[in-house]
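The values are calculated or read from the model by the stated rules, or taken from the named source; none is laboratory data. What you see is a predicted model; the values in this text were computed from it and never measured. No Cβ is skipped: glycine too gets one built from the backbone with ideal geometry, and neighbour counts run over all protein chains shown. Calculation scope for accessible area: heavy atoms of the full protein, side chains included, ligands and nucleic acids excluded. Shrake-Rupley method; radii C 1.70, N 1.55, O 1.52, S 1.80 Å.
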Amino acid sequence: MANLKIYTFPNPILRKKAESVKVFDRSIADIANSMLEAMYNSDGIGLAAIQAGILKRIIVIDLNSGIEDSSKREPHIFVNPIILKESGNTVSEEGCLSVIDFRGEIQRSEKITLEYQDVNGKNEKIEAEGMMSICLQHEIDHLNGILFIDHLPFLKQKMVKKRLSKLSKEFA
Ligand code: NI
């Protein structure tokens, strides 16, 4: 697969809802690998397929993405992820490859239980907490057309979106 382009706010593609993967052919692994490559190239720790304009429920995460030594990489691929259970609250600073030039404090569930499939369609279930839990919730939001800035308090959200829309026109 060719190099993926990552779309940024306010591109309307980011507001679409991704569709479940039903056929697990070779293309799913190809998409996931291209996503990992795009994520590493952009120094991100997570990416949803929809950010590259691919409307499939696929996300990739590597919390070690920023580490210089690439042998320490820990790529994770989640297809059709569903949160079964969530508990607790945690607040942390988030950023997004589709939201340039803004980071903000967002509240998420502390722990989640997640059901998903691997690239071959095998069912998996994990419990996640800490950064992995936060990152999964952020990426699953993307699959539903939701960006982390949508979780900001109303007035702050309005201000940030206005500034980012203006910025995107300047760079267009
Ligand atoms: Ni994001």
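Numerical summary
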item: Complete set of residues in the stretch 113-123 that are without any contact (Cβ under 8 Å) to a residue 60 or more places away in the chain and open to solvent by 40 Å² or more (accessible area, probe 1.4 Å); result: Glu115, Lys122, Asn123
item: Residue within the stretch 62-69 that is closer than 26 Å to Lys161 by Cβ and at pLDDT 95 or above present; result: no
item: Unmet criterion (only one of (1) more than 20 Å from Ser42 (Cα to Cα); (2) of a type in the set (Lys, Arg); (3) part of a strand (DSSP E or B)) for Lys156; result: (3)
item: Some residue of the stretch 53-67 being out of contact with any helix residue (DSSP H, G or I) (no Cβ under 7 Å at 6 or more places or on another chain) and without any contact (Cβ under 8 Å) to a residue 12 or more places away in the chain; result: yes
item: Strands (runs of 3 or more DSSP E) contained entirely in the stretch 2-112, each with at least 2 residues that are crowded, with 19+ Cβ neighbours inside 10 Å and away from the ligand (no atom under 16 Å from the Cβ); result: 76-96
item: Within the stretch 124-172, tally of residues that are open to solvent by 50 Å² or more (accessible area, probe 1.4 Å), in contact with a strand residue (DSSP E or B) (Cβ under 6 Å, 6 or more places away or on another chain) and within 15 Å of the ligand (Cβ to nearest atom); result: 1
